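The values are calculated or read from the model by the stated rules, or taken from the named source; none is laboratory data. Bear in mind the structure is a predicted one, so any value in this text is a computation, not a measurement. Cβ placement follows ideal geometry from the backbone for every residue including glycine, while neighbour counts extend to all protein chains displayed.
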Amino acid sequence: MRGKSSPVGRYFDAMFEAFEGLDIYLREDESPLYRHHLIGGIVVDYLERLRSSFSAWENRLAFAEKFRISQAESGFPIYQNILELENDRNSARKKLAEIPDEETLREEMVDFILRKKKFPLALQKSMAERFYLEDLSAGGLFAPLMLPRTVRVSVNPKTKRPFYVVHWATFDGSSHLPLVYVLTVEDSSDALVKQLVSKSGKLNKNVNVPLPVDGLLNPDLAHRFDDFCEKNSSYGLTLSTIASNMDKDFDELHPKQLYRFVLGPFYNAGVTSHGKTVERVLERVYKPENAWMMTWTVQEIYSVREKPEKRGLWSNTPAREEYHINTDDLECARQGVSEFRRHALVPHEAYQAIYSAGQQAEIFKGYHTHIISDGEVLRDV
């Protein structure tokens, strides 16, 4: 098993602590992500999936040496590790049947120690593999792509159309970063308007919608929408490109607001290498387990108006959205978004080291900085 003082041990401990701090931040009532747009609650679920994946990887390290992270970029495991989890998950139950149960393994380990006066490394690896396969069999891992789910349905009183809040997630293969998307989209399909919108222009109370629903609520578009998300969720695509592509590909769907939650990069002294300034400061942290920093970015794009549908004698032009890109902000223009916010979460000791070194202005420039201390998160320090 990996030692707590080893670099890989500290990496996993730091990542789990970062997940815990981010979970606290997202769940608190004061969190803007939790209070508005359901984003906080949605991201928490994906965060738990990431935590389960890291737990599985930690067990896997005890019997398989192959594990790589993106040291100079995201600080997360590389995409190949995500694919291996998915591949192993498909055969987990079959392999579990070939390994003795936990109680039998423990008895064999005790017997080995008493007879051989040595530690049973082979049996320990079998135990770790069992734990790993049990993690995979339990499910709830962060997959290469997690297909859309509809979590809210309502009606826009102005357009008299139903609208959905839909989310999906992916682990980007190029940036090695987890990405979560949250979309608010109106549906002008005749069948759904008739079914979901009452004569008074409100959500039809006689229709039972058992939320959450896997996929887009509109069954006629659900498979196409899944395919769209699979092909249009790369980190290399701006939100304006994704929203515009969706608007063009689905005449009946009208994307009004799209968020992207980008988790990372993650910085960990002695493991990642994201720049001399950060590395030099984090190396000053007295306790190595506190020498880390997790960052994330929330991007948003929204429609400012809808160009109405045009009907002509020979052709029709569907309604189309006009999206706001804040061209007054060069970074917004570069990212193709209306707004964005960068965040950083650090242990209290790491923040003190950064502050003492006089590097807080350089390292945290452009970030909303949060400090985790004794199970609490101090916001916007």
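At-a-glance table
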read-out	value
Matching residues in region 231-240 - criterion: being touching a strand residue (DSSP E or B) at 6+ places or on another chain (Cβ under 6 Å) and over 16 Å from Glu331 (Cα atoms)	Ser233
Cβ pairs under 8 Å, 6+ apart, first in region 34-56 and of a type in the set (D, E, K, R), second at pLDDT below 85	Arg35/Asp29
Search result, residues across region 207-258 that are aromatic (Phe, Trp, Tyr) and more than 18 Å from the chain's Cα centre (by Cα)	Phe225, Phe228, Phe250
Residue ranges of helices (runs of 4 or more DSSP H) in region 11-125 with at least 2 members more than 28 Å from Glu300 (Cα to Cα)	39-60, 79-90, 92-96, 102-116
Which numbered condition Glu300 fails, given (1) at pLDDT 85 or above; (2) touching a Lys or Arg at 6+ places or on another chain (Cβ under 9 Å); (3) over 29 Å from Asp23 (Cα atoms)	(3)
Residue that is nearest to the chain's Cα centre (by Cα), among those in region 299-337 that are among the small types (Gly, Ala, Ser) and over 19 Å from Leu253 (Cβ atoms)	Gly336
Output for region 165-203, where each listed residue is polar (S, T, N, Q) and within 11 Å of the chain's Cα centre (by Cα)	Thr170
Among (1) surrounded by fewer than 16 Cβ atoms within 10 Å (Cβ to Cβ); (2) touching a residue at least 60 places away in the same chain (Cβ under 8 Å); (3) under 30 Å from Ser174 (Cα atoms), the one test that Lys287 misses	(3)
Residue count, region 356-381 (criterion: over 19 Å from Phe266 (Cα atoms) and among the hydroxyl-bearing types (Ser, Thr, Tyr))	1
Matching residues in region 66-106 - criterion: being buried (at least 16 other Cβ atoms within 10 Å of the Cβ) and of a type in the set (Lys, Arg)	Arg89
Test result for Asp187, among the acidic types (Asp, Glu), in contact with a Leu (Cβ under 8 Å, 6 or more places away or on another chain) and touching a residue at least 12 places away in the same chain (Cβ under 8 Å)	yes
Residues being touching a strand residue (DSSP E or B) at 6+ places or on another chain (Cβ under 9 Å) and not in a strand (DSSP E or B) - total across region 255-272	3
Sole residue being part of a strand (DSSP E or B), surrounded by 11 or more Cβ atoms within 10 Å (Cβ to Cβ) and out of contact with any helix residue (DSSP H, G or I) (no Cβ under 8 Å at 6 or more places or on another chain), chosen from Glu306, Glu331	Glu306
Single condition Met15 does not satisfy, out of (1) under 24 Å from Glu376 (Cβ atoms); (2) at pLDDT below 85	(2)
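Residue-by-condition table, conditions (1) in contact with a helix residue (DSSP H, G or I) (Cβ under 7 Å, 6 or more places away or on another chain); (2) in the same structural domain as Leu96 (by TED's automatic domain parsing); (3) at positive phi; (4) of a type outside the set (Gly, Ala, Ser):
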{"position": "Ser126", "(1), (2), (3), (4)": "yes, yes, no, no"}
{"position": "Phe131", "(1), (2), (3), (4)": "yes, yes, no, yes"}
{"position": "Ser154", "(1), (2), (3), (4)": "no, no, no, no"}
{"position": "Thr159", "(1), (2), (3), (4)": "no, no, no, yes"}
{"position": "Phe163", "(1), (2), (3), (4)": "no, no, no, yes"}
{"position": "Trp168", "(1), (2), (3), (4)": "yes, no, no, yes"}
